[in-house]
1. Could you tell me which residue of segment 38-52 is surrounded by the fewest Cβ atoms within 10 Å (Cβ to Cβ), considering only residues that are in a helix (DSSP H, G or I) and not charged (D, E, K, R)?
2. Among the residues of segment 16-37, which ones are assigned to a strand (DSSP E or B) and either touching a residue at least 40 places away in the same chain (Cβ under 8 Å) or on the phi > 0 side of the Ramachandran plot (or both)?
3. Being touching a helix residue (DSSP H, G or I) at 6+ places or on another chain (Cβ under 7 Å) and surrounded by 14 or more Cβ atoms within 10 Å (Cβ to Cβ), is that true of even one residue in segment 5-19?
4. State yes or no: is LEU64 in contact (Cβ under 8 Å) with a residue 12 or more places away in the chain and not charged (D, E, K, R)?
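Laboratory data are not the source of any read-out in this text; all were calculated from the coordinates shown. Only a predicted model underlies this, so the values are computations on that prediction, with no experimental measurement involved. Counting neighbours? That spans all protein chains shown, and the Cβs are built from the backbone with ideal geometry, glycine included.
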Amino acid sequence: MKILKYYIDNAKYRAEDENGNVIWLEVDYWNNKFKLSKMNADLEVFAKKLLNKKHRKNLVHKMLE
């Protein structure tokens, strides 16, 4: 059976700052939202970029590479 659509739904990323603090970034790609366990301007900018690139984007072509 051929896959026609492939989307990222939710993802969780672990980041560590220069002091060793762990910050969790949870991204809901389908609903275009993200949540940080602790405020961090750099991660907020990064999360917005991720959403811009992958929000409800069909990534089936990536499966074929």
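1. Ranking the qualifying residues of segment 38-52, first place goes to ALA41.
2. none
3. yes
4. For LEU64, the condition - in contact (Cβ under 8 Å) with a residue 12 or more places away in the chain and not charged (D, E, K, R) - is not met.
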